[in-house]
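Student: Here's a structure for you.
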There are 2 protein chains.
Amino acid sequence: MAKKIVVIGGSAAGPKAASKARRLDQNAEITMIQKGQFLSMASCGYPYYVGGVFDKQSQMVKEPASFQNIKNINALVKTEVVTINRKDKVVLAKNMVTEEETQYPYDKLMIATGSVPVIPPIPGVDLDGVTTLQSVEDAKFLKERVNSKNVQHAVVVGGGLIGIETTEALQLAGIKVTVVERLPQILTFMDWEMAKLVENHIKEKGSEVLTNTAAQEIVGEEGKVKAVKLDTGEELPCELVVLSVGVKPNSKLAASAGLEIGEIGGVRVNKYLQTSDPNIYAAGDCIEPLNMINGEYTWLPMGDAANLQARVAAQNMVKDHPDVQYKGVVMTAICQAFDFTVANTGFSENYAKRKGYPNLLTTMQVGPDKPGFMGADYITIKMVADAKTGKFLGMQAVGQGDVAKRIAIGAMALHAGMHIEDLVSLDLPYAPPYSPAIDNFITAAHVLENKFLGRMDGISATAVMEKINKKDDLLLLDVRNMTEYEETRLGLGEMLIPLPTLRKSLDNLPQEKNKEIIVYCKVSLRGYEAATFLMSQGYKNIKVLEGGMMAWPFAKIR
Amino acid sequence: MAKKIVVIGGSAAGPKAASKARRLDQNAEITMIQKGQFLSMASCGYPYYVGGVFDKQSQMVKEPASFQNIKNINALVKTEVVTINRKDKVVLAKNMVTEEETQYPYDKLMIATGSVPVIPPIPGVDLDGVTTLQSVEDAKFLKERVNSKNVQHAVVVGGGLIGIETTEALQLAGIKVTVVERLPQILTFMDWEMAKLVENHIKEKGSEVLTNTAAQEIVGEEGKVKAVKLDTGEELPCELVVLSVGVKPNSKLAASAGLEIGEIGGVRVNKYLQTSDPNIYAAGDCIEPLNMINGEYTWLPMGDAANLQARVAAQNMVKDHPDVQYKGVVMTAICQAFDFTVANTGFSENYAKRKGYPNLLTTMQVGPDKPGFMGADYITIKMVADAKTGKFLGMQAVGQGDVAKRIAIGAMALHAGMHIEDLVSLDLPYAPPYSPAIDNFITAAHVLENKFLGRMDGISATAVMEKINKKDDLLLLDVRNMTEYEETRLGLGEMLIPLPTLRKSLDNLPQEKNKEIIVYCKVSLRGYEAATFLMSQGYKNIKVLEGGMMAWPFAKIR
């Protein structure tokens, strides 16, 4: 008898699971039930639709008929699943237009209900001109407002991935945008000093970013948004507010069916992506996948993970006994922020600390993404490893250069559970149009190895600034050349000794060998060269400023 | 007492080893001896210098003084090492200007003599206007000839990496180029059908490519090149000939010192990069590194590998007992060919066959490198795996899309020794500016897995063409839509049934269920969809044309 497969959800994981199940079982009766009116929405594309990168709504969605004709999948839209009757293996769904209720019996059920936006508990969120960017309807609304030319100022509440992508989209459409972020930094999957580099770039591009600032109220007039009131008392006049404070797993239906829910609020699944009911699978934003790095349940609401999970679940659903495993995620995320690419894979330093890793080794490295003569762009990479075992735990990268490739390399290293020693001699694709002779990823790994083996001691810009604020007795030693120094410098009382003259300039340095000296250059490669020399001269307290001038997140003198 | 380190060679591995040794041992006496007049040449950049991407020679080389001042390295140029006296641990070197000979005693010696171009044994290679592209002098010569505007036609003898890069450089300078390749294909590190896609692209860009054709003689007039005579008898008139038939390890000095040489002709080294004399190390193009995939010695003359090997050797040279290991290479290569990127990592199908792998699983997959609405470019990926164990053995990729990232991912998979099951659910960086929701690499792995698990049977374009030439009884079934068909088609008597109508068109198909049917579309995703349906209808001999229309290397009707 034909197997009955019912899929709840029609965005990413749902259509993928239904399609894959069809290819594997041409006889199954497959029904896909979607609450909204659209199917297979490319939701990651919404900001680019709003920003005018493309204009056809049809490029973001698929028609129900195409599922029927090509894949013989019964695709229902505007239909909400009301209950899951696990005992009788029947789903009750209501057509939201006719209000008719229909029962759909299943042998295997798949829950792919995705995520829902978090709405901040402040007055005014219902005013006209306030929206999230979570649905095709949201995207159309925003695009209409942008095209209407009636919006001069917009406030984006929340500086996460969607918030930053939306900021760029609105700004490119000629709207003056202010991002309001309650926390001390935007993009909290990054460490502070990396996020700060992005924040600086966004500001240079003309948008405003307010961190440590909460939106207290959305102020309206005649039902329309007029301003956002901050906890500082200040009001930001605006005609549009985008709420992007975050999303959470949409596990309500699963919970009401008595399925196990995890601590983060997502549906709990096993390695086969089965829920606590073996006939019910789940995939996508509504589940808590395993984090392959520490084996804990986590949450990663990403379209690519949803598709891959759905493919695994579908392979198991068409069988009597599941045997295809989903191993988990390594927490990879990427976004475009104007000319920058911003990305992470694995643990940030902050995240690792929160997860209880006691001894962390970190490093920040800046460099061009190809030889200078090919017209390079810069990339800043921060790597995190276990200081005891050398296990690679994660990396972040930002910059105008090809960040995505380096993050992909890092993600592979995490999938493979690699250690520092595995990363220092990788055979990556090198030719001048594509990378420096030693790829940025490998150079960062070299610095990490140098620290791991005690060859150098690095210090972050943040730590230097703390020392300066505490008025610690230290010397900042800039080893760039005079031209570079005249263009831009820290302006914190530093000493300039260009590297080529350092060997002959020992007399100019403090003779006290325990003096704390922080050495740097543009990216700190020359800084490292200088540090090794100074240490050989008996200096005991030499530190290299990680990432040099280019990764310095604070103000500089120009 | 200060350790004496002598480095022979000043291109890539030499300067890297000397510099790294200096950072690790500030007291060592370090001497670097270079035969030519230049140091630290960015030899991979020569084609871009010739092509006018950059013009300053200084961007390709470093000055001896910079090694002295910054790194305290005694860098000698125009100095040739005549003999290595291993017994007394002394190197004898001759200043090529003064002819003066000097002895340099060493505690540790490093051989980094690189590679030398192979000159084909044909008449006329000494004529004016004939050159290789292996040195700064060659690059300068070519650039001068290009800029002189006296060259209208050039012949590139040999279609390897350098040959193809040079072709592009010359063509961009307005010279009409013909590539002459003795073998049936250019770029022999790729499989035929992948190289053919590149060849087609080069021809579309306006250069001529002649495969299966050997240069028999370079014809001159008054000492100047006039034409290249082919084995077909044809003469190609030209004012410039670039010989790029290959390079070989420059291991002469090592051999004359009695050091062990491998079968490929490179210096044999152990895992610490020690030669058969433990006080002598070697790195770069002159050695045979280990191939991590099969554990055999191999040869990979690449600047990135040279640098990384030098870094390992230097760490061992400064110690009494070496302990840093170089694990080997995974055979990664990449080059630009006009708008295409062409790359390989690991085994091609051909190479694996030559290495005696009996059961290979291969697949070819074509797809856009990001969502269509973001303005995608296409990539064709061929993957090779062990059909029995599922071990990933290699991949090639060509196209206008971001090939480098996918090859980097593949290289990491090879470093980690991954199997197909490790590749199907990777957590790679996804956002619309960077990749499709399921990355091209993962999609290719999915197809590989589908074949591994017997879900589909693929057939290469080459195999289809062989069947057609043998007049096999088969049906070619195109499942694209009418518009696509009218734009371009195979023109081999194929039947068109658009996928959405296939389920209702069974009557139009042959009723004989053992009939061989080869299904395809633009890239063969719809082809796979159709194949699974036809198999469910009892057809027993359904094959999917790998890569579909886009990977078809033969002529098409337009």
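The values are calculated or read from the model by the stated rules, or taken from the named source; none is laboratory data. What you see is a predicted model, and the numbers here were worked out from it, not measured in a lab. For neighbour counting, all protein chains shown are included, and Cβ atoms are generated from backbone atoms with ideal geometry for every residue, glycine included.
Student: Testing A:Ser19 on (1) closer than 30 Å to A:Val157 by Cα; (2) among the hydroxyl-bearing types (Ser, Thr, Tyr); (3) within 14 Å of chain B (Cβ to nearest Cβ), one condition comes back false. Which one is that?
Tutor: (1)
Results for (1) touching a Cys at 6+ places or on another chain (Cβ under 6 Å); (2) at pLDDT below 95, shown as yes or no for each residue.
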site: B:Glu239; (1), (2): no, no
site: B:Val242; (1), (2): no, no
site: B:Gly246; (1), (2): no, yes
site: B:Ser251; (1), (2): yes, no
site: B:Ala257; (1), (2): no, no
site: B:Tyr272; (1), (2): no, no
site: B:Pro278; (1), (2): no, no
site: B:Gly284; (1), (2): no, no
site: B:Ile293; (1), (2): no, no
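Student: Right, next: Quick one: B:Leu453 ticks every box in (1) under 21 Å from A:Met331 (Cα atoms); (2) out of contact with any Cys (no Cβ under 7 Å at 6 or more places or on another chain) except a single one, so which number is it?
Tutor: B:Leu453 satisfies all of (1) under 21 Å from A:Met331 (Cα atoms); (2) out of contact with any Cys (no Cβ under 7 Å at 6 or more places or on another chain) except (1).
Student: Every residue in the stretch B:4-28 that is part of a loop (DSSP other than H, G, I, E, B) and either hydrophobic (A, V, I, L, M, F, W, C) or not assigned by TED's automatic domain parsing to the domain that holds B:Val312 (or both), please.
Tutor: Result: B:Ala12, B:Ala28.
Student: Another question, if that's okay. Note down all Cβ pairs under 8 Å where the first residue falls in the stretch A:362-391 and is under 18 Å from A:Gly410 (Cα atoms) and within 14 Å of chain B (Cβ to nearest Cβ), the second is part of a helix (DSSP H, G or I) and aromatic (Phe, Trp, Tyr), and they're at least six residues apart or on different chains.
Tutor: Taking only residues 6 or more apart or on different chains, the pairs are A:Ile381/A:Phe441; A:Gly390/A:Phe452.
Student: Which members of the stretch B:249-289 meet the condition of being farther than 26 Å from B:Asn85 by Cβ and crowded, with 19+ Cβ neighbours inside 10 Å?
Tutor: B:Pro289
Student: Are there helices (runs of 4 or more DSSP H) fully within the stretch B:460-509 with at least 3 residues that are out of contact with any helix residue (DSSP H, G or I) (no Cβ under 9 Å at 6 or more places or on another chain)? List them.
Tutor: B:461-469, B:482-487
Conditions (1) within 34 Å of the chain's Cα centre (by Cα); (2) crowded, with 17+ Cβ neighbours inside 10 Å, marked per residue:
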| site | (1), (2) |
| --- | --- |
| B:Gln37 | yes, no |
| B:Met41 | yes, yes |
| B:Val50 | yes, yes |
| B:Gln57 | yes, no |
| B:Met60 | yes, yes |
| B:Gln68 | no, no |
| B:Val81 | yes, yes |
| B:Ser115 | yes, yes |
| B:Val118 | yes, no |
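Student: Any residue that is surrounded by fewer than 21 Cβ atoms within 10 Å (Cβ to Cβ), touching a residue at least 12 places away in the same chain (Cβ under 8 Å), among the small types (Gly, Ala, Ser) and not in a strand (DSSP E or B) - is there at least one of those in the stretch B:138-154?
Tutor: no
Student: Now for a separate question. Which of (1) out of contact with any strand residue (DSSP E or B) (no Cβ under 6 Å at 6 or more places or on another chain); (2) free of Cβ contacts under 8 Å to residues at least 24 places away in the same chain; (3) farther than 29 Å from B:Thr167 by Cβ does B:Glu234 not meet, given it meets every other one?
Tutor: Only one criterion in (1) out of contact with any strand residue (DSSP E or B) (no Cβ under 6 Å at 6 or more places or on another chain); (2) free of Cβ contacts under 8 Å to residues at least 24 places away in the same chain; (3) farther than 29 Å from B:Thr167 by Cβ is unmet by B:Glu234, namely (3).
Student: Another question, then. Restricting the search to the stretch A:333-347, which residues are under 14 Å from A:Thr380 (Cβ atoms) and either away from chain B (no Cβ under 11 Å) or in contact with a strand residue (DSSP E or B) (Cβ under 7 Å, 6 or more places away or on another chain) (or both)?
Tutor: A:Asp339, A:Phe340, A:Thr341, A:Val342, A:Ala343, A:Asn344 - these are the residues of the stretch A:333-347 that are under 14 Å from A:Thr380 (Cβ atoms) and either away from chain B (no Cβ under 11 Å) or in contact with a strand residue (DSSP E or B) (Cβ under 7 Å, 6 or more places away or on another chain) (or both).
Student: Would you mind telling me which numbered condition in (1) of a type in the set (S, T, N, Q); (2) closer than 25 Å to A:Asp422 by Cβ; (3) without any contact (Cβ under 8 Å) to a residue 40 or more places away in the chain B:Gln325 fails?
Tutor: All conditions pass for B:Gln325, except number (3).
Student: Mind listing whichever residues of the stretch A:278-328 are hydroxyl-bearing (Ser, Thr, Tyr) and either in a strand (DSSP E or B) or more than 8 Å from every other protein chain (Cβ to nearest Cβ) (or both)?
Tutor: Across the stretch A:278-328, the qualifying residues are A:Tyr281, A:Tyr297, A:Thr298.
Student: Return a yes/no flag: does the stretch A:54-63 have any residue that is charged (D, E, K, R), facing chain B (nearest Cβ under 9 Å) and outside any loop (DSSP other than H, G, I, E, B).
Tutor: no
Student: Same structure, new question: Quick check, is A:Gly174 surrounded by 24 or more Cβ atoms within 10 Å (Cβ to Cβ) and not in a strand (DSSP E or B)?
Tutor: Numbers: surrounded by 24 or more Cβ atoms within 10 Å (Cβ to Cβ): no; not in a strand (DSSP E or B): yes.
So A:Gly174 does not fit the description; no.
Student: With respect to B:Glu99, is the statement that it is of a type in the set (D, E, K, R), free of Cβ contacts under 8 Å to residues at least 60 places away in the same chain, not assigned by TED's automatic domain parsing to the domain that holds B:Arg22 and not in a strand (DSSP E or B) true?
Tutor: For B:Glu99, the condition - of a type in the set (D, E, K, R), free of Cβ contacts under 8 Å to residues at least 60 places away in the same chain, not assigned by TED's automatic domain parsing to the domain that holds B:Arg22 and not in a strand (DSSP E or B) - is not met.
Student: Suppose the filter is at pLDDT 95 or above and in a strand (DSSP E or B); does A:Lys382 pass it?
Tutor: Yes: the conditions hold for A:Lys382.
Student: Another one. State the number of residues belonging to the stretch A:481-498 that are within 13 Å of chain B (Cβ to nearest Cβ) and either in contact with a Lys or Arg (Cβ under 9 Å, 6 or more places away or on another chain) or surrounded by fewer than 14 Cβ atoms within 10 Å (Cβ to Cβ) (or both).
Tutor: Count: 1.
Student: If I ask for residues that are modelled with pLDDT under 95 and within 11 Å of chain A (Cβ to nearest Cβ), which ones from the stretch B:26-40 would you list?
Tutor: B:Gln26, B:Asn27, B:Ser40
Student: Just checking, which of B:Thr362, B:Thr345 is hydroxyl-bearing (Ser, Thr, Tyr) and farther than 21 Å from B:Ala461 by Cα?
Tutor: Just a single option satisfies the conditions, and that option is B:Thr345.
Student: Looking only at the stretch B:499-524, count how many residues are crowded, with 20+ Cβ neighbours inside 10 Å, at negative phi and within 14 Å of chain A (Cβ to nearest Cβ).
Tutor: Total satisfying the criteria: 4.
Student: Looking only at the stretch B:419-435, which residues are facing chain A (nearest Cβ under 7 Å) and either under 25 Å from the mean Cα position of the chain (by Cα) or crowded, with 23+ Cβ neighbours inside 10 Å (or both)?
Tutor: Once the filter is applied, which keeps residues that are facing chain A (nearest Cβ under 7 Å) and either under 25 Å from the mean Cα position of the chain (by Cα) or crowded, with 23+ Cβ neighbours inside 10 Å (or both), the stretch B:419-435 yields B:Ser425, B:Leu426, B:Asp427, B:Leu428, B:Pro429, B:Tyr430, B:Ala431, B:Pro432, B:Tyr434.
Student: Count, please, the residues in the stretch B:480-490 that happen to be under 35 Å from the mean Cα position of the chain (by Cα) and either touching a residue at least 12 places away in the same chain (Cβ under 8 Å) or on the phi > 0 side of the Ramachandran plot (or both).
Tutor: Here the count works out to 6.
Student: Would you be able to say whether some residue in the stretch A:29-39 is polar (S, T, N, Q) and assigned to a helix (DSSP H, G or I)?
Tutor: No, the stretch A:29-39 contains no residue that is polar (S, T, N, Q) and assigned to a helix (DSSP H, G or I).
Student: Taking A:Ile438, is it at pLDDT 95 or above, within 7 Å of chain B (Cβ to nearest Cβ) and not in a helix (DSSP H, G or I)?
Tutor: For A:Ile438, the condition - at pLDDT 95 or above, within 7 Å of chain B (Cβ to nearest Cβ) and not in a helix (DSSP H, G or I) - is met.
Student: Still on this model: Please go through the stretch B:4-30 and give me each residue that is surrounded by fewer than 21 Cβ atoms within 10 Å (Cβ to Cβ) and among the polar types (S, T, N, Q), ordered by number.
Tutor: Result: B:Gln26, B:Asn27.
Yes/no matrix, rows are residues, columns are (1) more than 22 Å from A:Leu240 (Cα to Cα); (2) assigned by TED's automatic domain parsing to the domain that holds A:Pro237; (3) assigned to a loop (DSSP other than H, G, I, E, B); (4) in contact (Cβ under 8 Å) with a residue 12 or more places away in the chain:
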| site | (1), (2), (3), (4) |
| --- | --- |
| A:Glu168 | no, yes, no, yes |
| A:Arg182 | no, yes, yes, yes |
| A:Phe189 | yes, yes, yes, yes |
| A:Lys196 | yes, yes, no, yes |
| A:Ile202 | no, yes, no, yes |
